[in-house]
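None of the figures in this text is laboratory data; all of them are computed from the coordinates on show. In this text the structure is predicted, and so the values were computed from the model without any measurement. As a convention, Cβ positions derive from the backbone with ideal geometry for all residues, glycine included, and neighbour counts pool all protein chains shown.
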Amino acid sequence: MPYLDNLRSSVIFLVVLMHSNVTYSGLGSWYYVEGDPSKLDFPSLAAFAVYGAYTQAWFMGILFFVAAYFAAGSLAARGPRGFMRERLFRLGLPLLVYVFLIDPFIGYFLVDYGGARERLGAAEAYLDYLASFRWLGSTGPLWFAETLLSFSGIYALARAVRPRRTVPGPAPGTARLVGVVAATGLAAFAVRLVQPIGASVANLQLGYFASYVALFLLGLHAGERGWLPYIPERSGLRWLIWTAALSFPLWGFVMVAGGALRGDDSFAGGPGWQSFAYAMWEAWVAVGFSLGLVVFFRKFLDKENRLTRILSGNSFGVYVFHAPVLVGLSTAAGPWRAPMIVKHLVAGPAAFLLTLALSALVLKRVPGLRKILK
């Protein structure tokens, strides 16, 4: 299914750009942040904010959707135990590599958290990292692997208790999808009463999890019923077009009317109308873009060539290893006096290409890593 490989590769490129976006805007949390929203000119701030809001609304959700679609087939073929063994290998091992090797490397050698290099040697700092249990929240971008592993475990347990054979069925109709959007938005609004956007628990931003759960369940339904390749083209493209056309002015209305330009962050959570409207907007964008982009890639980008094979074959490697590359590149470019938006447009794509080369030319040739990153 080349179109799903190409979709996943494209989204992972956007992930790298998102972390570069945070680096140079200061809108969000990342290892190294150079930008300050209060010091950005309005066009740059608006560009950073629009990209961050739109991308965050759907790009991780669609990864859960696609992963769940393939998980359904994998569990049906392997059984719950075999499925979880494979998930622990493909997701658990990269998670451990990141938490116990990559994250402490970034913290000590690249950003020097708390001035540790002046006080401690590398070995002492690593032992302190372990003893302090900081590693419990040090998953970085691999929070996705941790969450997907948890979702997969719950799914495997559910199917071990109540097996379900794959039964072909049609894609959900518009009314049912509108119901999914409404339920997802209400769930996000409820979660954000206690966990607003920006808050995290062990590096898990629970305020965004409503759409992740909804799209994972929708992906499982697609995998078990086999309807993903048969979403009506007209219906899928209509979802994409209308979502893209109407969501921007609605987002602008919520931001302006809700007081975002005055520094009011009520849209991030709480009982106000801004939080409710933003949660419903995000749910709509998550579902609309996910289904719409699947159909768009199926119609226009269902192609495979040498370049797409390199991108898809190294997409997970880019995801796992892009953080130290981006942080190293950003810190090295710190003395460069250029507008933040320019630095972002240079550093983001450069980090992606460098990590792609690292994965393809080095990491995929290491026998142990080759199996994990395939």
* Structure fact -> Cα-based Rg/(2.2 N^0.38 Å) for segment 117-229, rounded to two decimals, is 1.47
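When 9, 290 are ordered from fewest to most other Cβ atoms inside 10 Å of their Cβ, what list results?
Numbers: 9 21, 290 27.
Result, fewest neighbours first: 9, 290.
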* **Using distinct alpha-carbon pairs, which all enter the 1/r mean, Kirkwood radius of segment 6-62 in Å** => 11.7 Å
* Calculated [θ] (222 nm, deg cm²/dmol) that DSSP helices of n ≥ 4 give over the chain, each run adding -39,500 (n - 2.57) -> -22500 deg cm²/dmol
* Rounded to a whole number, what is D in µm²/s for segment 300-374 from Stokes-Einstein with the Kirkwood radius over alpha-carbon pairs (10 °C, 1.306 mPa s)? -> 117 µm²/s
* Asked: Going by how many other beta carbons lie within 10 Å of each one, how would you line up 62, 231, fewest first?
  -> 231, 62
* In whole Å, what three semi-axes, largest first, describe the equivalent ellipsoid of segment 210-292 built from its Cα gyration tensor (square root of 5 times each eigenvalue)? -> 30, 16, 6
* Structure fact -> Counting every C-alpha pair in segment 1-102, the percent lying more than 23 Å apart is 46 percent
* Structure fact -> Largest-first semi-axes in Å of the equivalent ellipsoid built from the Cα gyration tensor of the chain are 31, 28, 21
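Return the loop-located trypsin sites (Lys or Arg not before Pro) in segment 78-173 (DSSP other than H, G, I, E, B) with at most 11 other Cβ atoms within 10 Å of their own Cβ; answer none if there are none. Each step should come with its number before you reach the end.
Numbers: sites: 78, 81, 85, 87, 90, 117, 119, 134, 159, 164, 165; in loops: 164, 165.
Of the trypsin sites (Lys or Arg not before Pro), the ones in loops of segment 78-173 whose Cβ has at most 11 other Cβ atoms within 10 Å are 165.
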* To do: May I ask you to derive the relative contact order of the chain, considering only C-alpha pairs under 8 Å and at least 6 residues apart, and to give it as an integer percent?
  => 29 percent
* Short version: what are the Cα gyration tensor semi-axes of segment 60-140, square root of 5 times each eigenvalue, largest first, in whole Å? -> 36, 14, 8
* Asked: Just the Cα atoms of segment 36-180, one point each, no solvent: what log10 I(q)/I(0) does Debye give at q = 0.16, 0.18, 0.19, 0.21 Å⁻¹?
  -> -1.03, -1.10, -1.14, -1.22
* Asked: How are the Cα pair distances of segment 109-156 distributed, in percent, across 10 Å bins from 0?
  -> 22, 38, 23, 14, 3
* Structure fact -> For 100, 48, ascending order of other Cβ atoms within 10 Å (fewest first) is 100, 48
* Where in the chain are the helices, taken as whole DSSP H runs, whose Cα atoms extend 30 angstrom or more along the long axis and whose Kyte-Doolittle mean reaches at least -1.0? -> 2-25, 42-87, 233-257, 273-300, 340-361
* Structure fact -> In whole angstrom, the spacing between the Cα centers of segment 302-370 and segment 184-234 equals 27 Å
